[in-house]
Amino acid sequence: MALVLSSYSYYYLIAGIINFTVLSFLLVLLIIHFFRKRTVGTFLLIMTYASVWINEILMTLAFYLEALYPGNENYLKAAQTMQMTGVFFLVYTINWMYFFANRHLIRDNDLFKLLYTSIFSAFVGVAGGLAYYDIYTGDRNNPFWYSIIELAGADFNLNYPPTQGLRLILIGGMFAIGSITYLRLIVRTTRLTRKAKDLVTKKGLRIVSLSILFLWLTGLVLALYIFGANRIPWLSVLVYLFRGMIVITAVILGYLGWIMPEWLRRRLRGKAWIAKVYTGKLPEPPKSKENIEKAPKPITSPTSANQIVEISEQ
């Protein structure tokens with residue numbers, strides 16, 4: 001069967017393939033690291049980014065399915081089911097990240113974690129169950145428990161949880177819980193960054209903060225379609241491409257910040273070299289280096305770790 005698509009459709013499909021390829025590579029790196037360390041934290045991080053990866057797979061497959069079989073009701077329902085499942089996998093990234101962060105950043109008690117998971121899972125479960133029920137029993141031209149976002153200029157659509165009326169409570173509740181979770185983590189990592197005395201730790205926490213921020217932005221960018229970005233073909237494509245870039249950036253920064261590969265540690269640690277020279281912990285290099293000749297004399301008095309960091313960052 002020849003696949004004849006509008007020009008705008010190719011941008012979505014190619015972007016999906018690129019996102020899938022890059023995320024697959026990063027996920028393999030995480031799995032390799034897990035088999036080396038075999039820690040619960042690494043497993044939770046894998047589940048976090050695997051949820052994003054599954055969303056990309058299901059979203060792209062749904063696009064292909066809807067484009068290949070236009071007007072076929074059965075394939076259309078299958079594509080809608082894939083998309084809704086992908087959306088809920090993406091949403092559940094929040095829960096995985098929350099439990100991962102509880103091992104490293106925050107220390108919520110068991111009761112709070114139980115309530116958090118129960119409430120969050122209730123929103124996801126109710127929204128998902130009602131959406132699937134409406135897909136297979138409701139009127140596609142007038143969906144009630146899910147929303148169809150028509151992508152202008154493309155041969156397929158997006159499917160979201162309901163975005164109208166009181167039904168907005170479902171997606172609003174998930175968004176509120178996710179926003180609070182990510183903001184808590186960003187605030188916590190920011191505070192830890194200020195307290196960190198080791199330069200590598202400080203830089204690593206900054207990378208972690210950025211990864212959490214980009215993960216949060218993934219949902220915010222998708223919300224632009226609810227406010228009409230899908231009605232303009234070029235803008236709709238731009239939003240989708242931008243979303244893909246944010247997803248990839250979030251996972252790359254997450255891998256670098258949380259795992260801290262040895263090559264990155266060496267690179268970050270190298271920036272502290274000049275501080276060690278100033279404190280007399282390392283000998284001065286040969287005088288042939290012009291930049292060292294102009295440097296101040298070594299500090300012989302005790303210097304705090306914070307001062308060393310300040311010197312190295314200068």
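The values are calculated or read from the model by the stated rules, or taken from the named source; none is laboratory data. As the structure is a computational prediction, the values presented were derived from the model and not from experiment. Don't worry about glycine lacking a Cβ; one is built from the backbone with ideal geometry, like all the others, and counts go over all protein chains shown.
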- Going through segment 28-49 one residue at a time, which ones are under 21 Å from Trp216 (Cα atoms) and either buried (at least 18 other Cβ atoms within 10 Å of the Cβ) or among the aromatic types (Phe, Trp, Tyr) (or both)? Leu30, Thr42, Phe43, Leu44, Leu45, Ile46, Thr48, Tyr49
- Could you figure out which of (1) surrounded by fewer than 15 Cβ atoms within 10 Å (Cβ to Cβ); (2) more than 25 Å from the chain's Cα centre (by Cα) isn't true of Arg107? (2)
- Only one of Thr249, Thr181, Thr190, Thr137 that is at pLDDT 85 or above, surrounded by fewer than 19 Cβ atoms within 10 Å (Cβ to Cβ) and touching a Phe, Trp or Tyr at 6+ places or on another chain (Cβ under 6 Å): Thr249
- Item | Restricting segment 140-168 to residues that are among the aliphatic types (A, V, I, L, M) and not in a loop (DSSP other than H, G, I, E, B), the residue that is surrounded by the most Cβ atoms within 10 Å (Cβ to Cβ) | Leu158
- Message: Cβ contacts < 8 Å: first residue outside the structural domain of Asn95 (by TED's automatic domain parsing), restricted to segment 207-230; second residue surrounded by 17 or more Cβ atoms within 10 Å (Cβ to Cβ) and not in a helix (DSSP H, G or I), any location; separation 6+ or different chain. Result?
- Response: none
- Conditions: (1) more than 27 Å from Leu168 (Cβ to Cβ); (2) surrounded by fewer than 16 Cβ atoms within 10 Å (Cβ to Cβ); (3) touching a Phe, Trp or Tyr at 6+ places or on another chain (Cβ under 9 Å). Thr117 meets all but one. Number of the miss? (1)
- Can you name the number of the only condition in (1) part of a helix (DSSP H, G or I); (2) surrounded by fewer than 18 Cβ atoms within 10 Å (Cβ to Cβ); (3) among the β-branched types (Val, Ile, Thr) that Val124 fails? (2)
- Message: I'm trying to understand the selection: among the residues of segment 40-60, which are over 11 Å from Trp258 (Cβ atoms) and of a type in the set (Ser, Thr, Tyr)?
- Response: Ser51, Thr60
- Task: Restricting attention to segment 62-115, report how many residues are among the aromatic types (Phe, Trp, Tyr) and within 20 Å of Gly41 (Cβ to Cβ).
- Result: 6
